[in-house]
Amino acid sequence: MVPPKQNSRRRYYDFIKAKGILKFKKNLEEEKKDSAKDENAVRKNAGYYLWRYISEFREHRSKIILIILLGLFNSLLGALFPWTSKVMIDYILPQKNIVLLSSACLALLVSAAMQRLLTFSKDYYSQILLGRFVLGLKQRQMEHLNTLPLVELQKMKIGGIISRLQDDSEGSGNLLFNGLLTPFNALIMFLIAIISLLVVNWKVMLICFIFCMIMFGITYFVFNIMRPFQRSLRQDRALINAGLAETFGGIQVIRSFRRENTIRKDYGTDINLLWRKSLYSFVIGSSVHIGAWTVFSITEISIWLVGGYFFINGTLSVGSIVVFISFTQWLFQPIFQIMFSFSEMQKSMACVERTFDLLDMKPDIVDKENTSNIVSFNEGIKFDNVDFVYPDGTKALDNVNFFIPKGKVMALVGPSGGGKTTLSNIVLRFYDVSSGSVSVDGTDIRNLSLSCYRSLMSLVLQDVFLFDGTIRENILFGNRNASEKELLHAAEVAHCHEFIDKLKDKYDTVIGERGVKLSGGQKQRIALARALIANPQLLILDEATSNLDSESEGLIQDALKKIFRDRTTIVIAHRLSTIIDADSIVVIDKGRILEQGSHFELLEKKGKYFDMYNKQMEKSKSIQNLWNAESAAQEEEEEK
Ligand code: ADP
Ligand code: MG
């Protein structure tokens with residue numbers, strides 16, 4: 001049984017105790033350990049990613065330079081304003097000349113307008129640069145995901161793929177700003193302020209500088225405390241999301257076992273803990289803010305005190321004091337900005353690493369050079385001494401040899417785990433053989449263009465996947481260019497026309513998410529129509545009839561007979577009664593072919609197939625007997 005979760009208050013205190021949130025040094029050590037763990041997983045060093053990231057912007061070089069220059073001019077223009085206060089107070093106002101005053105104000109107005117214009121242009125070009133980069137990255141990721149091995153995609157899980165496509169690419173874009181442009185601008189601002197103050201009075205500048213360093217120390221300290229906290233908040237949020245996806249994915253199981261209460265309580269505990277942690281992080285964050293502004297106020301007061309003292313002594317003008325007050329903000333703001341962008345930078349860096357790792361993943365199967373195209377085949381498909389080992393070392397096929405002539409039906413039977421699905425995946429070239437070869441009309445399929453080769457075949461699986469949309473859209477997914485006549489024909493052959501015709505909207509009926517509104521047999525028949533409308537030369541049915549009740553199965557059997565007539569087919573079936581008519585039956589177990597032949601040939605051999613067939617017959621006979629007995633008893637009762 002799953003142990004009940006502790007209540008959130010308990011978990012919160014345990015968390016605080018374990019993390020030692022207020023023990024600065026311990027946190028840093030933990031952080032180092034954590035990042036070492038990450039590095040092990042990644043193998044490449046940060047320099048590699050940074051270099052690669054920077055080279056991504058090679059073609060955007062001119063835009064980056066433009067943005068930097070715009071920022072620089074903006075800061076320089078902004079620095080005029082504190083100085084104008086000094087000029088106004090010390091030089092212009094004492095002259096009492098209205099013309100001079102108005103022209104000075106006009107100049108101020110123009111420079112203010114210019115500054116806004118520069119800010120807008122800088123932000124606009126930044127957005128364009130960011131957009132181009134992120135869109136390009138997303139497209140490349142999508143393109144690459146389409147080439148990756150199925151196993152890798154399954155490992156990433158759907159949630160992982162979505163977060164890579166959406167969050168990681170956007171996070172990667174932000175690195176340029178958090179890691180380069182924002183700190184650069186902040187540094188420029190800081191330097192302008194320091195130099196300006198130095199020009200006015202170095203003693204007062206020193207006071208400002210000391211307070212600034214105090215502030216820097218405080219923010220650095222707090223950001224370091226908060227880092228593991230922020231990370232844990234992010235992890236908690238991700239876990240809650242994953243849990244929710246799981247809960248509502250398996251809602252039927254939850255309801256059937258009446259676990260709604262447990263789920264509700266666990267969810268309550270989780271969000272409560274998350275809330276407590278966010279509250280803690282808010283308290284710390286805003287304390288820093290308050291602390292920082294207090295330091296700022298103290299700095300201002302000190303300037304008034306010391307500057308006022310120098311004024312009384314006659315060594316400092318009123319205008320100079322005003323310059324100091326204004327530039328103090330210029331000193332403090334960049335520090336905040338730099339600290340903030342560095343903490344954001346770590347997040348962005350993680351996104352960049354994940355993005356490049358994805359793009360570096362080896363594609364599954366790549367077309368060789370000089371592959372030939374194939375539009376149809378005439379002889380058949382041949383397996384020659386095929387071995388296949390999964391990447392994890394499981395040997396799934398061992399020296400498999402067979403030939404399917406064009407237009408014939410081959411059935412694959414055997415115990416589950418025997419290698420039937422693996423074999424059909426190899427025919428579809430989802431995987432390449434480990435040794436041996438698969439050939440079509442004598443040409444190794446590795447020498448054919450992959451997309452051409454796959455267009456020869458259609459696949460129907462046991463677990464039918466229908467897309468959210470109308471029945472028409474789902475069937476036409478097999479062939480977007482099919483005509484209405486072809487659509488109706490495919491639906492009729494697959495025996496789904498009758499039930500579709502009875503629906504209110506007929507072919508335009510929307511089937512809900514994953515087609516929940518249809519029965520298993522109906523979904524299966526639509527999937528069959530979808531496979532047929534593609535008019536494949538090779539049809540692969542992997543336990544496509546296992547889920548059906550006997551009525552739907554009868555219908556599908558009938559459909560299959562029509563379909564099999566002139567089409568090469570590989571049919572994997574559990575119920576042997578469905579494949580008696582196949583031209584050839586291959587019995588496969590533990591990756592090896594045990595027997596091969598027609599139904600009657602194999603029965604005569606009295607081998608594995610004979611045993612399997614008899615067992616199934618006995619089972620169905622005993623079920624039949626049970627039925628008979630029950631109905632006899634019922635009849636008797638009725639007679640009484
Ligand atoms: P069948 O379809 O006959 O039930 P499969 O072809 O699915 O059998 O499986 C054959 C063997 O390969 C089994 O031992 C199974 O555990 C293994 N196998 C299947 N898929 C994978 C995979 N993606 N990675 C590793 N091993 C796998
Ligand atoms: Mg299987």
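Output yes when any residue across the stretch 445-454 is within 16 Å of ligand 2 (Cβ to nearest atom), out of contact with any Leu (no Cβ under 8 Å at 6 or more places or on another chain), under 25 Å from residue 530 (Cα atoms) and in contact (Cβ under 8 Å) with a residue 24 or more places away in the chain, and no when none is.
Looking only at the stretch 445-454, we keep the residues that are within 16 Å of ligand 2 (Cβ to nearest atom), and these are none.
No, the stretch 445-454 has no match at all.
Of all residues in the stretch 562-594, which are more than 23 Å from residue 619 (Cα to Cα), within 16 Å of ligand 1 (Cβ to nearest atom) and charged (D, E, K, R)?
Correct list: 590, 592.
Just one of 210, 195, 271, 214 is over 19 Å from residue 332 (Cα atoms), at pLDDT 85 or above and either outside any helix (DSSP H, G or I) or of a type in the set (Val, Ile, Thr) (or both); which is it?
Result of the check over 210, 195, 271, 214: 271.
Of all the residues that make up the stretch 195-208, how many are surrounded by fewer than 17 Cβ atoms within 10 Å (Cβ to Cβ) and either touching a residue at least 40 places away in the same chain (Cβ under 8 Å) or among the small types (Gly, Ala, Ser) (or both)?
Residues flagged as surrounded by fewer than 17 Cβ atoms within 10 Å (Cβ to Cβ) and either touching a residue at least 40 places away in the same chain (Cβ under 8 Å) or among the small types (Gly, Ala, Ser) (or both) within the stretch 195-208 amount to 1.
Anything in the stretch 75-126 that is surrounded by 12 or more Cβ atoms within 10 Å (Cβ to Cβ) and outside any helix (DSSP H, G or I)? List them, or say none.
Hit for the stretch 75-126 is 97, nothing else.
Only residues in the stretch 416-439 that are farther than 20 Å from residue 536 by Cβ count as the first member; pair them with residues that are away from ligand 2 (no atom under 16 Å from the Cβ) and acidic (Asp, Glu), Cβ under 8 angstrom, at least 6 apart or cross-chain, and list the lot.
That search, which allows pairs on different chains as well, returns 433/387; 434/387; 435/387; 436/384; 436/387; 437/384; 437/444.
Counting only residues that are farther than 20 Å from residue 408 by Cβ and outside any loop (DSSP other than H, G, I, E, B), which one in the stretch 578-593 is farthest from ligand 2 (Cβ to nearest atom)?
Filtering the stretch 578-593 for residues that are farther than 20 Å from residue 408 by Cβ and outside any loop (DSSP other than H, G, I, E, B), the one farthest from ligand 2 (Cβ to nearest atom) comes out as 592.
Can you name the residue in the stretch 127-182 that is surrounded by fewer than 19 Cβ atoms within 10 Å (Cβ to Cβ) and hydroxyl-bearing (Ser, Thr, Tyr) and is also farthest from residue 63 (Cα to Cα) among such residues?
Checking each candidate, the answer is 147.
Quick one: in the stretch 354-402, which of the residues that are without any contact (Cβ under 8 Å) to a residue 60 or more places away in the chain and aliphatic (A, V, I, L, M) is surrounded by the fewest Cβ atoms within 10 Å (Cβ to Cβ)?
Checking each candidate, the answer is 389.
Which pairs have Cβ atoms under 7 Å, sit 6 or more apart or on different chains, and link a residue in the stretch 522-545 that is over 15 Å from residue 570 (Cα atoms) to one that is within 16 Å of ligand 1 (Cβ to nearest atom)?
These pairs meet every condition: 524/544; 524/547; 527/460.
Answer yes or no: is there a residue in the stretch 472-492 that is more than 24 Å from residue 381 (Cβ to Cβ), under 27 Å from the mean Cα position of the chain (by Cα) and without any contact (Cβ under 8 Å) to a residue 24 or more places away in the chain.
yes
Given the criteria outside any strand (DSSP E or B), touching a His at 6+ places or on another chain (Cβ under 7 Å), more than 16 Å from ligand 2 (Cβ to nearest atom) and at pLDDT 80 or above, does residue 525 qualify?
It is true that residue 525 is outside any strand (DSSP E or B), touching a His at 6+ places or on another chain (Cβ under 7 Å), more than 16 Å from ligand 2 (Cβ to nearest atom) and at pLDDT 80 or above.
Looking at the stretch 217-239, which of its residues are crowded, with 16+ Cβ neighbours inside 10 Å and either touching a Ser or Thr at 6+ places or on another chain (Cβ under 9 Å) or aromatic (Phe, Trp, Tyr) (or both)?
Answer for the stretch 217-239, where residues must be crowded, with 16+ Cβ neighbours inside 10 Å and either touching a Ser or Thr at 6+ places or on another chain (Cβ under 9 Å) or aromatic (Phe, Trp, Tyr) (or both): 222, 223, 226, 227, 229, 230, 233.
Quick grid of which residues meet (1) modelled with pLDDT of 85 or more; (2) in contact with a Ser or Thr (Cβ under 9 Å, 6 or more places away or on another chain):
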{"residue": "300", "(1), (2)": "yes, yes"}
{"residue": "313", "(1), (2)": "yes, no"}
{"residue": "331", "(1), (2)": "no, yes"}
{"residue": "343", "(1), (2)": "no, no"}
{"residue": "387", "(1), (2)": "yes, yes"}
{"residue": "393", "(1), (2)": "no, no"}
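A quick yes/no check of all residues on (1) part of a loop (DSSP other than H, G, I, E, B); (2) more than 22 Å from residue 190 (Cβ to Cβ); (3) among the hydroxyl-bearing types (Ser, Thr, Tyr); (4) within 38 Å of the chain's Cα centre (by Cα):
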residue: 296; (1), (2), (3), (4): no, no, no, no
residue: 309; (1), (2), (3), (4): no, yes, yes, no
residue: 316; (1), (2), (3), (4): yes, yes, no, no
residue: 324; (1), (2), (3), (4): no, no, no, no
residue: 354; (1), (2), (3), (4): no, yes, no, yes
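Can you name every residue in the stretch 389-435 that is of a type in the set (A, V, I, L, M) and more than 11 Å from ligand 2 (Cβ to nearest atom)?
Once the filter is applied, which keeps residues that are of a type in the set (A, V, I, L, M) and more than 11 Å from ligand 2 (Cβ to nearest atom), the stretch 389-435 yields 389, 397, 400, 404, 409, 410, 411, 413, 426, 427, 428, 433.
Which numbered condition in (1) in a helix (DSSP H, G or I); (2) under 27 Å from residue 521 (Cα atoms); (3) away from ligand 1 (no atom under 16 Å from the Cβ) is the only one that residue 446 fails?
Unmet for residue 446, out of (1) in a helix (DSSP H, G or I); (2) under 27 Å from residue 521 (Cα atoms); (3) away from ligand 1 (no atom under 16 Å from the Cβ): (2).
The values are calculated or read from the model by the stated rules, or taken from the named source; none is laboratory data. Bear in mind that the values here come from a model prediction, so they are computed numbers and not experimental data. Glycine gets a Cβ as well: all are built from the backbone with ideal geometry, and neighbour counts include every protein chain shown.
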